[in-house]
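For reference, the structure is listed below as structure tokens.
Please treat every number below as a calculation from the coordinates, not as lab data. None of these values were measured; they are calculated from a predicted model. Virtual Cβ from ideal backbone geometry, glycine too; neighbours counted across all protein chains shown.
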2 protein chains.
Amino acid sequence: MDTVSAARSHGGVQGVYRHEARTTRCPMTFSVFVPPQAANGDTVPVLWFLSGLTCTHANVTDKGEYRAAAAKAGVIVVAPDTSPRGPGVPDEPDNWQFGCGAGFYLDAMEAPYADHYRMYSYVTEELPALVAANFPADMARQGIFGHSMGGHGALTIALKNPGRYRSCSAFAPIVQPSTAGWSRPAFAKYLGPDEAAWRAYDATALIADGCRVPELLVDQGAADGNLDDGLKPWLLEDACRRAGIPLALTMREGYDHSYLFVSTFMADHVAWHAARM
Amino acid sequence: MDTVSAARSHGGVQGVYRHEARTTRCPMTFSVFVPPQAANGDTVPVLWFLSGLTCTHANVTDKGEYRAAAAKAGVIVVAPDTSPRGPGVPDEPDNWQFGCGAGFYLDAMEAPYADHYRMYSYVTEELPALVAANFPADMARQGIFGHSMGGHGALTIALKNPGRYRSCSAFAPIVQPSTAGWSRPAFAKYLGPDEAAWRAYDATALIADGCRVPELLVDQGAADGNLDDGLKPWLLEDACRRAGIPLALTMREGYDHSYLFVSTFMADHVAWHAARM
């Protein structure tokens, strides 16, 4: 693991790191904020932030405004990239909803994507092991959240790994990627035409199929232009109601899909996770 | 004035705007955050943030983490660009310390720069008039701050306009640009070889020449790699001591020159200004 950069911020250290990833077969970059509470060798809880389409680790690291809250609560925040990248990684450079920047936190099953697009394994296995080995992380106390495609990632990963994450929340998540216009084509290419296989990466389907989390926190901008196509938070509301999963979904009047929305409610989410981790 | 973008954030509105500037003879872009307190037609104080070398309005708008504090305090934050830009504006594209992105908040006197590089007039006259006409701004209650080259801008502009700004602070300012290695060549090209003329844009010289502000707040990273060349905060300390200007200068252990430093102390600065505006 190489250190790309590391600088003091809000009393802790904001770093960016790079490593040769085994799961995605390419170099991967990620950011880690270590809060001041870990300075004396103590371990602290780990909060995973998964980013949305087109993003790298850098978007939330630059614009997420999470460091003040994470420093106050004493939690590590890890922000992975959203896909494999680089020479040899199959991509559609003109398509922002597929390929690089659009890994959808799944393990692809179809050629030629299955060799590299394994973000589910990367985020749930390889990167946690690397973080545990290199940072003062209490891996028994993890939480996960994300934005848009990363909200989908957080929901599905928490649902598929009961007990591993003590808390799960999302900003404007894609709650039903198997029907959303901006994810169906990607799911078909990554997972193949059999839509039964897509259920393993669809939060509403996972809930219908019996996966459970103790509770969920979701904030959604009411002025988000993608409400009726990509997002449809009411589908998550329905699924949670049927399953008896407590969901705190708040529609935020006037807010859009950008980091100007995410950053507004970031401190609330970090504090909510910290209280549960 | 055209609206480039506007989105709700932290209860207010973060906008980016563009206009044909008379002083700099080119289109200029700037950002304005209007806090929720102005929603009902009330005017609120205006805090000017001047950015550093290579920056546009976007750096602090994305990474500055000022919105939460500005929304709490009820102040408008305006972030201008750092220079004129575009076709017809003389530049040295390979030189980050001169030309576009390096206007040094002065009015150039030398050809071919004097036609466009008039950031002092732009920031003190043209843009305030535009802001007053288009935003719920109480222009009797202004404060000014900035980072690095923008810290130089804030200090010199406050010193040269006694009474106009109720408060002035800086992050890692260039306190003596007429001697600093990274500004001397620019001053020579913008202002000519007669260094007497440079004193009008040098905070320590302005103080020595009798300009006064009621007090100053400065934060400086102790791990900033530019301490001994570009910054030398002890020169400002000397000048203020001789002049009897109260200066609260804090060296911040471990912090560098980046926005990871600026954002850490941003909320403190915004609150400090709000208490004085």
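Worth a mention:
- Take each peptide in B:117-127, B:34-44, B:203-213, count the other Cβ atoms within 10 Å of every residue, and average; sorted highest first, the result is B:117-127, B:203-213, B:34-44.
- Counting only DSSP H runs of at least 4 residues, each contributing -39500 (n - 2.57), and dividing by the residue count of chain B, the helix-based mean residue ellipticity at 222 nm comes to -8000 deg cm²/dmol.
- Here the label points at A:Asp194 and B:Asp115, each 7 Å from Cα along the C-beta direction, are separated by 7.0 nm in the simple model.
- A cut-off under 13 angstrom between Cβ atoms defines the neighbours of A:Asn59, and their net charge, with Lys, Arg +1 and Asp, Glu -1, is -2.
- Label point distance in nm, B:Asp238-A:Ala6, each placed 7 Å from Cα along Cα→Cβ: 3.6 nm
- Members of A:Lys232/B:Lys63; A:Lys63/B:Lys72; A:Lys63/B:Lys189; A:Lys160/A:Lys232 lying beyond 25 Å, as alpha-carbon distances in this model show: A:Lys232/B:Lys63; A:Lys63/B:Lys189
- The magnitude of the dipole of the protein assembly as shown, with charges of +1 and -1 set on the Cβ of Lys/Arg and Asp/Glu and taken from the Cα centre, is near 1100 debye.
- Debye log10 I(q)/I(0) at q = 0.05, 0.08, 0.10, 0.13 Å⁻¹ for the protein assembly as shown, Cα point scatterers: -0.23, -0.57, -0.85, -1.24
- Once the C-beta distance of A:Asp42 and A:Glu92 is scaled by a Förster radius of 41 Å, the resulting FRET efficiency is 0.35 to the nearest 0.05.
- What you get for the stretch A:11-118, charging only the Cβ of Lys and Arg (+1) and of Asp and Glu (-1), is a dipole of about 380 debye around the Cα centre.
- Average Cα contact separation per residue, the stretch A:2-276, under 8 Å, 6 or more apart, as relative contact order %: 18 percent
- Lys, Arg +1 and Asp, Glu -1 on Cβ, resulting dipole of chain A about Cα centre, debye, nearest 20: 720 debye
- Spacing of the two label points (7 Å from each Cα toward its C-beta) at B:Arg212 and A:Asp228, in nm: 6.4 nm
- Charge sum, other residues only, whose C-beta stays under 13 Å from A:Pro233's C-beta, Lys/Arg counted +1 and Asp/Glu -1: -3
- Under 5 Å, built H, 5+ apart or other chain: amide partners of B:Arg166: B:Gln142, B:Gly143
- Annotation: amide H of A:Arg118 within the under-5 Å range of A:Ala108, sequence separation 5 or more or interchain, hydrogens built in the peptide plane.
- Rounded to the nearest 5, the antiparallel percentage of DSSP beta bridges internal to the protein assembly as shown is 45%.
- P(r) of the stretch B:2-276 over all Cα-Cα pairs, binned every 5 Å from zero, in whole percent: 1, 6, 14, 19, 20, 18, 13, 7, 2, 0, 0
- Footprinting exposure proxy ranking of B:Cys26, A:Cys168, fewest other C-beta atoms within 10 angstrom first, gives B:Cys26, A:Cys168.
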